[in-house]
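**Q** Here it is, the structure, as structure tokens.
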């Protein structure tokens, strides 16, 4: 068995896996940022964040479908407006969940908001499941061709058939660029703007933040909105990448992103990004080497190992970046 | 300006304020003196909207003070600089200061910062340092500076001299006096009664949640009762 395992290692297309893993990881990172920001400011895990990601997926597709039926398939415009619609809807969900499920429990025992979050997560998931049904949806296929176009070829395979080629597709470039832009904007906002200072102040000393005039409730609601918007964009990107949408996608990706946030050090912004990338890359390598059925075994074993060896996560010590 | 009328407050079943009557007029420094647990800090926290009243009324410029949360109280012009400084430890000195002017126009920040650096030049040297790395005295200066960023029309200071070296205490008190002379009335809670009464115009003495004595600062300094109880002097 060991021999066959080593043999299978030799044939691993590591460069390709590194690329696909990074692309997937950048989407996990966007979701992980939502978990880590909310934790940073409230010391609470917003388990519903994964469902917001799923709502983002469906909202984009429904937005595109609606616009196409209204004025025809202007693919680019419809896609952009679809994302905007998803972000607005997800923000409303994020804001609403904070207002309804968490705000009143802010001073309750730590288990109360956590349980409320799990409840909200199930409500959202089953709601969408009942609305859209169990059949998986597919992302509109007229987007696949323009995005499948290969931007760079890194390794030339068989020149005749193209087998063994390794490159980066337009879609992968778009996903990485979007993720990078959003993360840069987030870092800028947290470190260089007033609302960023306010968010960090609230996370460090909520009472004092209120005493210097920071409207704590607004800042916390804003944090939920930002986290939900990032999850919604991740949802759009993810559904374009996998082309399939299911109501259960939020739980699957949400748990991985949550794991990413923990591995990076929950509450730590760069940690969430690092954790997301690691999870994406490890997942793709595990699928290629051991098979898809092993990925959750490996991912969650790594989660436990990280917690045992570094309970605060990889970057957990650098609390300076906590939101 | 600020007037507390028969204010009651409680922590659970324990009544801490039992009908406080207190008034601050424009331009004044008013000292609130009392032993540990007498209700000095609670008086400030109640006025700042942190602790709810169980009775009585707080008036601000002739109208009832709205106190749903501290930020709303601050927006009406009352700023509390709480005991223990509460510097944001992982924000830089500059960010700590800017946090104080969250809802005010950015254009006024530079002028306000300059004024604070005039009071506390050391903060200018430490601008990029994290708040948590400052010494106790510097943190107190930062806390007062941060309060000033919110352009308060009444500043409430809770134990600004606590745990500081005598020299630093002198500096802080003289700056409190300057801030007052520039137009901000101050309600000062202090254990260091002698220093507080030296800069105050008037004073109140609070014992187990009730005001038992009020007079001008100089009279209080000379009152036998105050000398015995709070200035540590024998008869």
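**Q** I need the calculated FRET efficiency for the pair residue A:111 and residue A:5, taking r as the beta carbon distance and R₀ as 35 Å, to the nearest 0.05.
**A** On the way: r = 43 Å, r/R0 = 1.22.
According to the calculation, E is roughly 0.25.
**Q** Oh, and also: Order these peptides, A:50-56, A:105-111, A:139-145, B:143-149, by their mean beta-carbon neighbour count within 10 angstrom, highest first. Write out the running numbers ahead of the final one.
**A** On the way: A:50-56: 30.1, A:105-111: 11.4, A:139-145: 14.3, B:143-149: 24.9.
Output ranking for A:50-56, A:105-111, A:139-145, B:143-149: A:50-56, B:143-149, A:139-145, A:105-111.
**Q** Largest first, please: the extent of the C-alpha atoms of segment B:3-48 along each principal axis, to the nearest Å.
**A** Largest to smallest, the principal-axis extents are 37, 21, 16 Å.
**Q** What percentages make up the Cα-Cα pair-distance distribution of segment B:101-144 when the bins are 10 Å wide from 0?
**A** 26, 52, 22, 0
**Q** So what's segment B:43-153 giving for Cα Rg divided by 2.2 N^0.38 Å, two decimals? Could you put the intermediate results ahead of the total?
**A** Working: Rg = 15.0 Å, N = 111, 2.2 N^0.38 = 13.2 Å.
Ratio of Cα Rg to 2.2 N^0.38 Å: 1.14.
**Q** Per residue of A:212-224, count partner chain C-beta atoms within 10 Å of its C-beta, then hand back the mean as an integer.
**A** Details: counts 21, 18, 7, 8, 3, 2, 1, 2, 0, 0, 0, 0, 0.
Neighbouring Cβ atoms belonging to other protein chains average 5 per residue here.
**Q** Helix A:216-242 against the longest principal axis of chain A: what's the angle in degrees, Cα atoms only, rounded to the nearest 10?
**A** In chain A, helix A:216-242 runs at an angle near 10 degrees to the longest axis.
**Q** Out of A:161, A:22, A:251, any idea which swings most in a Gaussian network model of chain A, alpha carbons joined below 10 Å?
**A** For chain A, modelled as a Gaussian network with Cα springs under 10 Å, the answer is A:161.
**Q** Given labels modelled 7 Å from the Cα in the Cβ direction, how far is it in nm from residue A:252 to residue B:135?
**A** About 6.1 nm, to one decimal.
**Q** Looking at the protein assembly as shown, I'd like the Rg to Rh ratio, where Rg is from alpha-carbon atoms and Rh is Kirkwood's inverse mean 1/r.
**A** Details: Rg = 29.4 Å, Rh = 26.7 Å.
Here the Rg-to-Rh quotient is 1.10.
**Q** Considering just Cα atoms, how many Å³ per residue does the convex hull of segment A:122-279 enclose?
**A** 156
**Q** Just to verify a number: FRET efficiency for residue A:129 and residue B:194, C-beta to C-beta distance, R0 = 56 Å, to 0.05?
**A** Details: r = 72 Å, r/R0 = 1.28.
Taking R0 as 56 Å, the efficiency between residue A:129 and residue B:194 is 0.20.
**Q** Taking just the alpha carbons, could you work out the radius of gyration and Dmax for segment A:203-323, both in angstroms?
**A** 16.9, 55
**Q** Between B:47, B:223, B:150, where does the largest GNM mean-square fluctuation fall for chain B, given springs only between Cα atoms within less than 10 Å?
**A** Checking each option, the largest mean-square fluctuation is seen for B:223.
**Q** Taking 1 over the mean of 1/r across every pair of different Cα atoms in chain A, what Kirkwood radius in Å do you get? Intermediate results must be reported in sequence, preceding the final value.
**A** Values: mean 1/r = 0.0488 Å⁻¹.
20.5 Å is the Kirkwood radius here.
**Q** Measure of size requested: the Rg and Dmax of chain B, with Cα atoms as the atom set and Å as the unit; please supply both.
**A** For chain B, the Cα radius of gyration and maximum Cα-Cα distance read 17.4, 56 Å.
**Q** Taking R0 as 60 Å, what FRET efficiency do you get between residue B:114 and residue A:161 from their Cβ-Cβ distance, rounded to the nearest 0.05?
**A** Working: r = 71 Å, r/R0 = 1.19.
According to the calculation, E is roughly 0.25.
**Q** Turning to a different aspect of this structure: Find the percent of Cα-Cα distances in segment A:1-149 that exceed 27 Å, and round it to a whole number.
**A** Numbers: 4617 of 11026 pairs.
Of all Cα-Cα pairs in segment A:1-149, 42 percent lie more than 27 Å apart.
**Q** Mind ordering A:255-266, A:209-220 by average Cβ neighbours within 10 Å, highest first?
**A** My ranking of the peptides, most packed first, is A:255-266, A:209-220.
**Q** Evaluate peptide B:78-84: per residue, the Cβ atoms of other protein chains within 10 Å of its Cβ; return the mean as an integer.
**A** Values: counts 0, 3, 3, 3, 3, 0, 1.
Going residue by residue through B:78-84 and averaging, the value is 2.
**Q** Here's another thing I want to ask about it. How large is the Kirkwood hydrodynamic radius of segment B:121-235, in angstrom, based on all distinct alpha carbon pairs?
**A** Details: mean 1/r = 0.0645 Å⁻¹.
In segment B:121-235 this quantity evaluates to 15.5 Å.
**Q** How crowded by other chains is B:97-108, given as the mean number of beta carbons from other chains within 10 Å of each beta carbon?
**A** Numbers: counts 2, 5, 13, 5, 3, 11, 6, 1, 0, 1, 0, 0.
If you average over the peptide's residues, the count of other-chain Cβ atoms is 4.
Values in this text are rule-based calculations from the coordinates and carry no lab data. Remember, it's a predicted structure, so these values are computed and weren't measured experimentally. So basically every Cβ, Gly included, is an ideal-geometry build from the backbone, and we count neighbours across all protein chains shown.
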